[in-house]
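Asks: Below is the structure I would like to discuss, written out as structure tokens.
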């Protein structure tokens, strides 16, 4: 019985010692615009900076003034289409698209309409209003704002490694096309290169 008690006591002391010496995880809130690179992969900073720089390019080009000149000063209407992830890693392109849409709306020189699933959700709500809302407040069909241009693109990457060193190169390409004529009126790109030394 004494052996059993001593053995149990040794195990208990060992567990307490191991637990008290284990590293303790710390979590702290930081600013969302603070640049931190942990892995070297695509991150929130890459998404935000790329979107801002590409939108500075597209929203300050002559296609806007050309359109307004041909359309009595009317602002062009944009829709953000598919931006494909063709890189070597998983990139949530939706956050990148949201960064782009935010930049467009905040700039104000063009108008933005919903795309994809969100447009379908709006149409579904409008359909339900026809049955369940009063005739005075139900929104009418056929009054959607049609887009003049669609913005599409891709995120590509190239990885080069040697021993413990790695270079990751990202190239983001965007094209703005006129929806009626298919004319490409703007092409932009943003390049990011990261050196990782393990």
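Asks: Of everything in the stretch 53-75 that's buried (at least 18 other Cβ atoms within 10 Å of the Cβ) and touching a strand residue (DSSP E or B) at 6+ places or on another chain (Cβ under 6 Å), which residue is farthest from residue 151 (Cα to Cα)?
Replies: Checked the stretch 53-75; the qualifying residue farthest from residue 151 (Cα to Cα) is 63.
Asks: Still on this structure, I have one more. Please enumerate the residues belonging to the stretch 169-185 that are over 18 Å from residue 84 (Cβ atoms) and outside any loop (DSSP other than H, G, I, E, B).
Replies: 178, 185
Asks: Check residue 44 against each of (1) at pLDDT 90 or above; (2) surrounded by 14 or more Cβ atoms within 10 Å (Cβ to Cβ); (3) under 28 Å from residue 160 (Cβ atoms) and name the one condition it does not meet.
Replies: That leaves (1) as the condition not met.
Asks: Looking at the stretch 8-27 only, could you name the residues that are loosely packed, with under 10 Cβ neighbours inside 10 Å and at pLDDT 75 or above?
Replies: Once the filter is applied, which keeps residues that are loosely packed, with under 10 Cβ neighbours inside 10 Å and at pLDDT 75 or above, the stretch 8-27 yields 24, 25, 26, 27.
Asks: Would you pick out the residues in the stretch 107-153 that are out of contact with any helix residue (DSSP H, G or I) (no Cβ under 7 Å at 6 or more places or on another chain), more than 29 Å from residue 188 (Cα to Cα) and assigned to a loop (DSSP other than H, G, I, E, B)?
Replies: Across the stretch 107-153, the qualifying residues are 133, 134, 135, 136, 137, 140, 142, 143.
Asks: Right, another one. Would it be correct to say that residue 82 is under 17 Å from the mean Cα position of the chain (by Cα), closer than 24 Å to residue 180 by Cβ and touching a residue at least 40 places away in the same chain (Cβ under 8 Å)?
Replies: Considered against the rule, which asks whether it is under 17 Å from the mean Cα position of the chain (by Cα), closer than 24 Å to residue 180 by Cβ and touching a residue at least 40 places away in the same chain (Cβ under 8 Å), residue 82 comes out as yes.
Asks: Moving to a separate point now. Is there any pair linking a residue in the stretch 26-46 that is on the phi < 0 side of the Ramachandran plot and touching a residue at least 24 places away in the same chain (Cβ under 8 Å) to one that is in a loop (DSSP other than H, G, I, E, B) and loosely packed, with under 10 Cβ neighbours inside 10 Å, with Cβ under 8 Å and at least six apart or on different chains, and which?
Replies: Cβ pairs passing all conditions: 44/32.
Asks: Out of 118, 190, I need the residue that is within 17 Å of the chain's Cα centre (by Cα), within 26 Å of residue 45 (Cα to Cα) and modelled with pLDDT under 90. Which one?
Replies: After applying the criteria, what remains is 118.
The values are calculated or read from the model by the stated rules, or taken from the named source; none is laboratory data. Computed from a prediction, not measured in an experiment: that's the story for all the values here. Don't worry about glycine lacking a Cβ; one is built from the backbone with ideal geometry, like all the others, and counts go over all protein chains shown.
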